[in-house]
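Taking it in order: structure first as structure tokens, then the write-up.
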Amino acid sequence: MKVLERVEDAIEYAESMRRANLSIGLVPTMGALHRGHLSLVEQARRECDRVIVTIFVNPTQFGPGEDLSKYPKTLEADLEACRELGVDLVFCGRTEGEGAVYSEGFQTWVEVEKISKPLCGVYRPIHFRGVATVVTLLFEIFKPHRAYFGLKDFQQARLLERMALDLRMGIQVCLLPTVREDDGLAMSSRNRYLNPEERAEAVGLSRALHKARDAFEGGETSPEVLLNSFHEEVSKYPLLKVQYAEIRDAWTLEEVTEPVIHSLEQGVVLAASAFLGVTRLIDNVWLDPR
Ligand code: AMP
């Protein structure tokens, strides 16, 4: 397994793979890898000749006061996990200096206008611009055939899918289901921030989402009733402070109202974010009528 840090070396590596007619699968991450990330790597391994994992804590997607400086770093363990799964290249991008991901004087941004606005976009106004821009850069560097993202970050997944489509990037965006802990908590690098009491209550977020999903599967179609069942469950966990919980069109992320819920082709998503102390978690359930 190769490990590279300089953008120029990464470009050269990917170019030689493409010249050899090998398909490239890209798995962008910010490291602190867990089984959620690894599920993407495994799928890429199954579908592509060469698998590239990027580990880059992208500064431009963090707002002031967010956790950029304390974002967990577990590089040795990450590299070991990648080695075990047969990854071909891990690109550990530099934030500054020679060969850095962002060139000096960088000032070009990719904005996905509508999808970036609601849900997390309300509370993290520059986040999705940073995500779209860094993923565009990684796409330019590696020119992968396929790129793998998790539906745990539902809004991000939809946004990147839209971006690849709009800019005719010719890259297949592959979205994979959320991997959860045994008790249902969606795996996240940020779960490491939780103390034992917070960890015990974190499960409330997925329980509440799944309670609403059960109601939906039982035939309930009113967004209001579904949200009530979410909030009723969440209120059993006093440490869990909901920031938002909304039901939206699962494709456009536009608002939905009662009569349309079952007629939408892609269904709807119930997406939520919540704080446990200073740690912010997000999760969602896709309510798909099919
Ligand atoms: P991150 O390192 O948090 O930027 O995540 C890198 C990729 O892994 C993104 O596409 C995430 O959506 C995906 N991911 C993170 N957590 C999970 C999870 N629990 N299940 C599936 N995919 C995940």
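The values are calculated or read from the model by the stated rules, or taken from the named source; none is laboratory data. Quick caveat: nothing in here was measured; it's all calculated off a predicted structure. Cβ coordinates were reconstructed from backbone atoms using ideal geometry, including for glycine residues, and neighbour counts include every protein chain displayed. Surface accessibility is based on the protein's heavy atoms, side chains included, excluding ligands, DNA and RNA. Shrake-Rupley method; radii C 1.70, N 1.55, O 1.52, S 1.80 Å.
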Over the chain, give the accessible area per residue in Å² for a 1.4 Å probe, as an integer. 47
Explain nothing, just the number: relative contact order of the stretch 15-95, from Cα pairs under 8 Å at least 6 residues apart, as a whole percent. 36
Accessible area of the stretch 2-176 belonging to carbon and sulfur atoms, whole % at 1.4 Å probe: 49
Return a whole-number percent for the relative contact order of the chain, with Cα pairs under 8 Å and 6 or more residues apart as the contact set. 17
Using heavy-atom solvent-accessible surface (probe 1.4 Å) with all chains present, what is the largest-first order of S235, S16, S69? S69, S235, S16
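Within the chain, which complete DSSP H helices have Cα atoms spanning at least 20 Å along the helix axis and a mean Kyte-Doolittle hydropathy of 0.0 or higher?
What comes out of the filter, once short or polar helices are dropped, is 127-142.
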Give me the percent relative contact order of the stretch 191-273, please, defined on Cα pairs under 8 angstrom at least 6 residues apart. 28
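Of the listed peptides 175-183, 39-47, what is their order by residue-averaged count of other C-beta atoms within 10 Å, with the highest listed first?
Descending mean neighbour count gives 39-47, 175-183.
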FRET efficiency (S222, E113; Cβ distance; R0 35 Å; to 0.05) is 0.75
Taking the Cα centroid of the stretch 178-219 and of the stretch 49-109, what is the distance between the two, rounded to the nearest whole Å? 27
If you put +1 on each Lys and Arg Cβ and -1 on each Asp and Glu Cβ, how big is the dipole of the chain around its Cα centre, in Debye rounded to 20? 320
What's the FRET efficiency of E84 with Q266 using the Cβ-Cβ distance as r and R₀ = 30 Å, to the nearest 0.05? 0.25
Largest to smallest accessible area among I141, I282 [probe 1.4 Å]: I282, I141
Determine the distance separating the Cα centre of the stretch 265-290 from the Cα centre of the stretch 127-168; give it in Å without decimals. 19
So the carbon and sulfur contribution to the accessible area of the stretch 182-290, 1.4 Å probe, in percent, is 50
Tell me, what is the 1.4 Å probe accessible area of D166, in Å² to the nearest 10? 90
Among P144, P196, P28, residue whose mean-square fluctuation peaks in a GNM of the chain (springs only between Cα atoms under 10 Å): P196
Suppose accessible area is computed on protein heavy atoms with a 1.4 Å probe; arrange E246, E98 from highest to lowest. E98, E246
